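Some notes on the structure that comes next.
Every read-out reported here was derived from the displayed coordinates using simple, explicitly stated rules and does not represent laboratory data. This is a predicted model, so every value here is computed, not measured. All Cβ positions, glycine included, derive from the backbone under ideal geometry; neighbour counts span all protein chains shown.
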Amino acid sequence: MTDSLLQTALHGLHTELGARMVPFAGYSMPVQYPAGVLKEHLHTRAQAGLFDVSHMGQLRLWGVNAAVALETLVPVDLIDLPVGQQRYAFFTNATGGILDDLMITNAGDHLFVVINAACKAQDIAHLRTHIGARCHIEVLPEHALLALQGPAAATVLARMAPKTDFAGWTFMTARTVLLAGVECCVTRSGYTGEDGFEISIPNSHAEQLARALLAHEEVAPIGLGARDSLRLEAGLCLYGHDLDTDTSPVEAGLTWAISKARRVGGIREGGFPGEDRILAEIVQGTSRKRVGLVGLERTPVREGSEITNLAGETIGTICSGGFAPSRNGVVAMAYLPSEYTADSAEVLALVRGKPVRMQVCKMPFVPQRYYRG
Amino acid sequence: MKYTPDHEWLRVETDGTVTIGITHHAQDALGDLVFVELPAVGKHFAKDEPTCVIESVKAAGDVKMPIAGTILSVNAALADSPEKVNEDAEGEGWFIKVQPDNLADADALLDEAAYKALLD
């Protein structure tokens, strides 16, 4: 079983650091290091955490028509995406659901795309089927992806790249940076709600870079356990849990990511799978939507727990939930009918058959600290 | 100390009562505990019945009764400081003190060597 798992370029380093390795999306990945999930989570919020996210899919789309072609699969403006700019997007299906969410960067002569590990094979097939004739799709299995996240991330990276202008490098933009002796595509973004970077680097140089980053006293290695609690506190969706093929981006509260140019009245209105449902929902609203919930008790509420109203009628299910170390409490996300989505509305989550009181809360659950210049 | 294959420990006290917790191995496997739910004092549990709920950042589990008995007291400090279990699972991180129905039931549990063999 273990033999069939793929390993990232940092596998040896994870083992050396004492990581507990678990199977995740076909890879052997570190779920935690000896410090444990709580300390790793809090360390990332206080200083800087280094994450190996090399299991994610990295692609380059080449050709003059790449942006035009990719626009047919996502409700996002890519034609006018400035060079060096990154945008969040999602592949939609014909019924307006979500096939995967992804990050797209205009790297100048190509589009750099990061997709979820668990969706990698189907996303690549989807791209090849629909736009494979209009652009060249290069898959990058020989590249690792390292995320450096936290308030000290920029300070640390600036020490390693003294010629790079970090003050002028804002959230959701990309730079080419010389790290570990090799040019890396680095975006100022991440999945924690903190300032930070995602560094795409050839596998051959990944361990050298990881060791160099870990040599700074602010940086600690962080596993997938804390990655999940950090993204949950930041109110960020996890595909397959908070997003799926039945859920529209409007229900998911991701309307902000649907570009004006692709909406009703926009200069390139529609033109993506499921446009009828999605564009109508933007105008008319939806009968259910994703909300944040905070626990009024200490009992952790996890994915799959049923939610009822105060009268005990079932109204939904928790899609992500758990202990939030930075709040020292419990937070969750769920899809609820519109009448229950007002701020501070009270609902009950059933845990081991017992009702646990929860309250609707605006997300993110912790303040975002992205660097906006 | 006696042990169960489910990673509980049981210590027989000089007065014939027993103290129960989870092993160091169990806390390590669970990871950081964030929630502990303790039973009511005076409640009786059969052998193998779940008495306490434990939740780590990652997962939920329970503490089962190694032998039948009645709850004499609980480690109430765990409700606010579940991390005590991670810090000292076989000491300050104890869960419950129990009056066993039959103290001899403890003889059937694993001794330290047998439990260690189980972990290897």
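Remind me, relative contact order of segment B:2-109 in percent, using alpha carbon pairs under 8 angstrom and six or more residues apart? Write down the numbers at each step before the final one.
Numbers: 245 pairs, mean separation 33.9, N = 108.
Once divided by the residue count of segment B:2-109, the mean separation gives 31 percent.
Hey, what's the per residue convex hull volume over the C-alpha atoms of chain A, in cubic angstrom?
On the way: hull volume 52.8 nm³, N = 373.
That works out to 141 Å³ per residue.
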How crowded by other chains is A:316-325, given as the mean number of beta carbons from other chains within 10 Å of each beta carbon? 2
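Of the GluC sites (Glu not before Pro) in segment B:1-83, which ones lie in a loop per DSSP and count no more than 11 other C-beta atoms within 10 Å? Could the numbers behind the result be given before it?
Values: sites: B:8, B:13, B:37, B:55, B:83; in loops: B:13.
Taking segment B:1-83 and a limit of 11 other Cβ atoms within 10 Å, the loop GluC sites (Glu not before Pro) found are B:13.
Give me the percent relative contact order of segment A:269-362, please, defined on Cα pairs under 8 angstrom at least 6 residues apart. Don't skip to the end; give the middle numbers.
Numbers: 200 pairs, mean separation 29.7, N = 94.
In percent, rounded to a whole number, it is 32.
Suppose only helical runs count, i.e. DSSP H with n ≥ 4. What mean residue ellipticity at 222 nm does that imply for chain A under -39500 (n - 2.57) per run, divided by all residues and rounded to the nearest 500 deg cm²/dmol? Walk me through the numbers on the way to the answer.
Numbers: 8 runs with 74 residues, N = 373.
Calculated at 222 nm, the ellipticity per residue is -5500 deg cm²/dmol.
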Could you tell me how far the Cα centroid of segment A:1-65 sits from the Cα centroid of segment A:216-237, in Å? 11
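Just checking the output field for A:290-300: average partner chain Cβ neighbours within 10 Å of each residue's Cβ?
Values: counts 0, 0, 0, 0, 0, 0, 0, 1, 8, 6, 8.
Taking the mean over all residues of the peptide, I get 2.
List the GluC sites (Glu not before Pro) within segment A:276-373 that DSSP assigns to loop and that have no more than 13 neighbouring Cβ atoms inside 10 Å. The partial results should precede the final answer.
Numbers: sites: A:281, A:297, A:303, A:306, A:313, A:339, A:346; in loops: A:297, A:303, A:313.
When the GluC sites (Glu not before Pro) of segment A:276-373 are filtered for loop state and at most 13 Cβ neighbours within 10 Å, A:313 remain.
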Sequence order, segment A:303-312: Karplus ³J(HN,Hα) from phi using 6.51 cos²θ - 1.76 cosθ + 1.60, θ = phi - 60°, Hz rounded, Gly and Pro as x, gives 3, x, 5, 6, 10, 10, 7, 5, 8, x
Can you list the lysines whose alpha carbon is less than 28 Å from that of residue A:354, not counting same-chain residues fewer than 8 positions off? A:289, A:362, B:43, B:47, B:58, B:64, B:84, B:97
Taking the Cα centre of segment A:1-286 as the origin, how large is its charge dipole in debye, to the nearest 20, when only Lys and Arg (+1) and Asp and Glu (-1) carry charge on their Cβ atoms? 380
Average Cα contact separation per residue, chain A, under 8 Å, 6 or more apart, as relative contact order %: 18
Give, rounded to the nearest 20 debye, the magnitude of the charge dipole that the protein assembly as shown has about its Cα centre when Lys and Arg contribute +1 at Cβ and Asp and Glu contribute -1 at Cβ. 1540
Quote the FRET efficiency, to the nearest 0.05, computed for residue A:24 versus residue A:68 with a Förster distance R0 of 45 Å and r equal to the Cβ-Cβ distance. 0.85
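What is the mean number of Cβ atoms from other protein chains located within 10 Å of the Cβ atom of each residue in peptide B:51-64, rounded to a whole number?
4
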Per DSSP H run of at least 4 residues, take -39500 (n - 2.57); add these up for chain B, divide by its residues and hand me the 222 nm value, nearest 500 deg cm²/dmol. -4500 deg cm²/dmol
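In square nanometres, what is the average projected area of the Cα convex hull of chain B?
Working: hull surface 26.7 nm².
That works out to 6.7 nm².
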